[in-house]
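Below: one structure, written as structure tokens.
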Amino acid sequence: MSDRCWIALVDDAPSEATAAAPLTDAGGAPSGWLGAWMQRAKPMRQALRADPRIVDPGGAAAWISLVLVPPGFALPFDDLAVQQARRDVLARRPARALSTLLRDSSHFEGAITAADQPIRDDPFARLFPARSLRAAAGLIATAAPPVGPTIERYGSANPWPWDRYG
């Protein structure tokens, strides 16, 4: 299995995904599928890199807050607003799973936060609108909370290894 993880919001059940779950909005209306691929190569154009620890094909259903940067907008990962959102996340009770989303090694493309209850105040939603969605079982892991210091850079193309330091 690859140490790279890609996720994508798609209309139909994704083929060849490592894990996938149908999504519904807060009112229960179908809202597409979220797929995850554990592979080195990007599986489709709209896929974004995520921390592989947020994916578990045996995971329970979860509420997710999905923040995506609008097409054509480039926000550096080191932008102060992104860093403040990360600090605000660390100051809260740990989420069930959380990952920033990357397209390349230096730009913030969004974030996914998972919890057992609807997420009411996602710090990343201060940057771009969040979609509150319910993911069925079979996709979202329960990941260990970060031990820190997750604000520091750890190689521009790598998510910080938040389950260990060093």
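Step by step: find N for the chain, compute 2.2 N^0.38 Å, then divide the Cα radius of gyration by it. What's the final number?
Normalised Cα radius of gyration, the chain: 0.95.
Can you tell me which of 105, 15, 132 moves the most in a GNM of the chain? Springs connect C-alpha atoms under 10 Å apart.
15
Run lengths n ≥ 4 of DSSP H only: what is the helix-derived mean residue ellipticity at 222 nm for the chain, with -39500 (n - 2.57) per run over all residues, to the nearest 500?
Computed ellipticity for the chain at 222 nm equals -2000 deg cm²/dmol.
Can you pull the three principal axis extents for the Cα set of segment 1-94, in Å, largest first?
Extents along the principal axes, in whole Å: 38, 35, 28.
Taking a point 7 angstrom from the Cα of residue 131 along the C-beta vector, which residues in segment 53-87 have backbone N less than 15 Å away?
Backbone N within reach: 63-71.
How large, in percent, is the carbon and sulfur part of the accessible surface of the chain at a probe radius of 1.4 Å?
On the way: 4530 of 8540 Å².
About 53 percent, which is the carbon plus sulfur part of the accessible surface.
The values are calculated or read from the model by the stated rules, or taken from the named source; none is laboratory data. Every value quoted in this text rests on a predicted model; they were computed, and no experiment measured them. Neighbour counts run over all protein chains shown; Cβ positions are idealised from the backbone, glycine included. Accessible surface is based on the protein model in full, side chains and every heavy atom, while ligands, DNA and RNA are left aside. Shrake-Rupley method; radii C 1.70, N 1.55, O 1.52, S 1.80 Å.
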